[in-house]
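Below is one structure; the comments refer to it alone.
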Amino acid sequence: MKHSKMRLSLYLILGFVLNGFSQESTEFNLYKNLYPNSNSVRLNQKTTVTISLNANDINITQEIFEEDLYLDESANYNSKKALFFSSFFELEKVEASSFSFVDGKYKEIEVKEFKEKDELDQSFYDDSKSLNFIYPNLKKGSKSKLKYIENVKNPRFLSPFYFGDFYPIVNNKVTIIADKNIDLIFKEFNTEGLELSFKKEEKKNSNIYSWEVKNMDKYKYEPSTPTYKKILPHIVPIITSYKSNNTNTSLANKVSDLYGWYYSLVKDINQEPADENLVALVNELIKDKPTELEKVKAIYYWTQQNIKYIAFEYALGGFIPRQANDVFQKKYGDCKDNSSILYKMLDIAGIKGDLTWIGTRSIPYNYTEVPTPIVDNHMILSYTNNNDTYFLDATGRYIPIDYPTSFIQGKEALISKDGSNYIIKKVPVVPASKNAVIDTTKIDIINENIIGKSKVEITGYNKIETFNYLENEKTVDKIKAFYNTRLQKGNNKFLIDSLTETNKYDYEKNLIVDYSFNINNYAKKLGNELFVNLNLVKDLASYKTEEDRKNEIEYDYKNHFNYTTILNIPAGYSVEYLPENVNLSNNYVSSSITYEVKNNTIIYNHIYNLDFINLTLAEQKDVNNLIKKIETAFKEVVILKKL
């Protein structure tokens, strides 16, 4: 009887196990084992692009097929899907289904309902739309399939094709079928070491190009990683030229082709007479300004403060600035519109500005390698004075004239001069010394508590960033809470008692904050000795990256910090131990910590310079090694002894 019960239990357990396996396909078990840390896997990704020539028109259709398998319970969160389209990219023939594994086979459930939605930016309409739908009954072990056709309405807008992503891809194939009278080149990025199969065939009137890669593991997503375009392997197809009616037409063969198209879109803007109120405003802004540069400043700062930045587009409106009169009357616009009104206001003042196209740091290409519109996503205005070029971007706020916006530092700018002339100029990277936090603090120790007064001077992008945060803090308590976090010293017991701000929201002057604070129980008494760590700010440690990081890291700007702390030696005490000075540097970071006894005080100073925006993996290791040595120095304490 006992053995019978045991056999029954085994049968029941085996039944449960078999039943459990019956709910999962062989395919699921295979990929769950291969990719145990992934939520899903793309089984198939196929893209077929057909580029045909009809008289003088290039027609482009893209057929996309995606098949995904979901490996855990998060499948339901992937149910919602949106396809984006616009006047440049038209959608047609969208088919979608989910597949549930039931009784040993997959059962298809077609998506029946698709909802078109305008993609609104705040309250403004643009022509970007999305087609939204929900995969029904997605769960662990389910699959989904999606097929659609996309018509590319402008041949300059061929998009990159990616061979990897932040999820595994089993099969990925791209095929381009192009008329033989259409010339293409293909730029590869991040494909080093990739087993990418390429083949070219010729059939009648077409050239067929195909790329295929298999079993791509997922790429690791990490914070502060530069644009995915610098990580994921991809190709950028470019239609350089085409032949029609025995005539060769250059489309995107060189930068001049791109510039010629850009200029054709902007050559007719602001031809109408300026609004009389705009003229009056400009004259008022510049009336007491002694130099041309001062006049430009006045106009530039007014635009930043008074033209609200709204990102929107409509068809070629994504590339054509609106008339300055319209922007002035509505008091809002996107980057092109801000550039348009700046251009006109300078013109009213008798000053020449130049419309300028640029890509932010989210775009890693330069004009020579990719002379197509995908190299740009932004427009600014350039102004030249005594051989110095100023890059005016009125979409930002509190940006001084001699600072570019931080996200275009180091990027190439395409500066328009006239119908056939342009200049490519690199935007400078602002040196660390111009983005400074300089803090001088005087402290007393009273019953193991720190009582202090500080004066901090904040410059450059640090100041701009602080102003942008402060705009949202409207009450005294919220402002104090902000500074409690921003200026924290010692530990989380740090509290600001009172503060005053000087030069708040000033473009030209540095922000100065004077404040008093306390840190309870920061110093420690032991017998007749008093221990205090004067390394009150240890934020250099936050620049140390994880040892197993896989990708380059990117910061918004370079930085300089200078912290001075002056400790009044308590009455009846003398200095028993003073830590050694530290001075360390490499190509990316320099850091020095010094201690000095002077006039019954101990003067501590920590200066460090962060001379980088991007760090490769090798550079991160160099920075980490230096920071580890500084972290050791951070643990050092001053010892005072009772007399």
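The values are calculated or read from the model by the stated rules, or taken from the named source; none is laboratory data. All values derive from a computational prediction rather than experimental measurement. Note that each Cβ is placed from the backbone with ideal geometry, even for glycine, and that neighbours are counted across all protein chains shown.
Screening the stretch 396-432 for residues that are among the hydroxyl-bearing types (Ser, Thr, Tyr) and under 23 Å from the mean Cα position of the chain (by Cα) and picking the one that is nearest to Pro226 (Cα to Cα) gives Ser406.
Tell me, yes or no, whether the stretch 568-578 has at least one residue that is assigned by TED's automatic domain parsing to the domain that holds Asn551, crowded, with 19+ Cβ neighbours inside 10 Å and modelled with pLDDT of 95 or more. No, the stretch 568-578 has no match at all. Exactly one residue among Asn59, Asn33, Asn37 is at pLDDT 90 or above, over 25 Å from Val102 (Cα atoms) and either surrounded by fewer than 15 Cβ atoms within 10 Å (Cβ to Cβ) or β-branched (Val, Ile, Thr) (or both), and that residue is Asn59.
Can you name the strands (runs of 3 or more DSSP E) wholly within the stretch 518-606 that have at least 1 residues being in contact with a helix residue (DSSP H, G or I) (Cβ under 7 Å, 6 or more places away or on another chain)? Show your work before the answer.
Numbers: elements: 524-526, 529-532, 559-568, 573-577, 582-585, 589-598.
The strands (runs of 3 or more DSSP E) meeting that bar are 559-568, 582-585, 589-598.
Matching residues to (1) within 24 Å of the chain's Cα centre (by Cα); (2) closer than 28 Å to Gly572 by Cα; (3) not acidic (Asp, Glu); (4) not in a strand (DSSP E or B):
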site	(1), (2), (3), (4)
Ile445	no, yes, yes, no
Tyr461	yes, no, yes, yes
Ile464	yes, no, yes, yes
Lys478	no, no, yes, yes
Asn491	no, yes, yes, yes
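For the stretch 75-93, the set of residues classified as in a strand (DSSP E or B), surrounded by fewer than 17 Cβ atoms within 10 Å (Cβ to Cβ) and of a type outside the set (Phe, Trp, Tyr) consists of Lys80, Ala82, Glu90, Glu92, Lys93, listed by residue number.
Within the stretch 601-619, is even one residue closer than 22 Å to Thr441 by Cβ, among the charged types (D, E, K, R) and in contact with a Lys or Arg (Cβ under 9 Å, 6 or more places away or on another chain)?
Within the stretch 601-619, the first condition is being closer than 22 Å to Thr441 by Cβ, and the residues that meet it are 601-610.
Checking the rest, the ones that are also among the charged types (D, E, K, R) come to none.
Scanning the stretch 601-619, I find no residue that is closer than 22 Å to Thr441 by Cβ, among the charged types (D, E, K, R) and in contact with a Lys or Arg (Cβ under 9 Å, 6 or more places away or on another chain), so the answer is no.
Within the stretch 375-385, being in contact (Cβ under 8 Å) with a residue 24 or more places away in the chain and surrounded by fewer than 19 Cβ atoms within 10 Å (Cβ to Cβ) holds for Thr384, Asn385. The set of residues from the stretch 618-643 being under 16 Å from Val582 (Cβ atoms) and either over 31 Å from the mean Cα position of the chain (by Cα) or not assigned by TED's automatic domain parsing to the domain that holds Tyr588 (or both) comprises Thr632, Ala633, Phe634, Lys635, Glu636, Val637, Val638. Candidates are the residues of the stretch 134-170 that are touching a Lys or Arg at 6+ places or on another chain (Cβ under 6 Å) and surrounded by 19 or more Cβ atoms within 10 Å (Cβ to Cβ); the one that is nearest to Glu73 (Cα to Cα) is Pro168. Restricting Ile380, Ile341 to residues that are more than 26 Å from Lys463 (Cα to Cα) and of a type in the set (A, V, I, L, M) narrows the list to Ile341.
Give the residues of the stretch 439-461 that are of a type outside the set (S, T, N, Q) and touching a helix residue (DSSP H, G or I) at 6+ places or on another chain (Cβ under 8 Å), sorted by residue number.
Pass one, the stretch 439-461, residues of a type outside the set (S, T, N, Q): 439, 442-446, 448, 450-453, 455-458, 460-461.
Hits for the stretch 439-461 are Ile458, Gly460, Tyr461.
Consider Glu554 carefully, then state whether it is of a type in the set (Asp, Glu), under 25 Å from Asp611 (Cα atoms), in the same structural domain as Leu615 (by TED's automatic domain parsing) and in contact with a Lys or Arg (Cβ under 8 Å, 6 or more places away or on another chain). So Glu554 passes the test.
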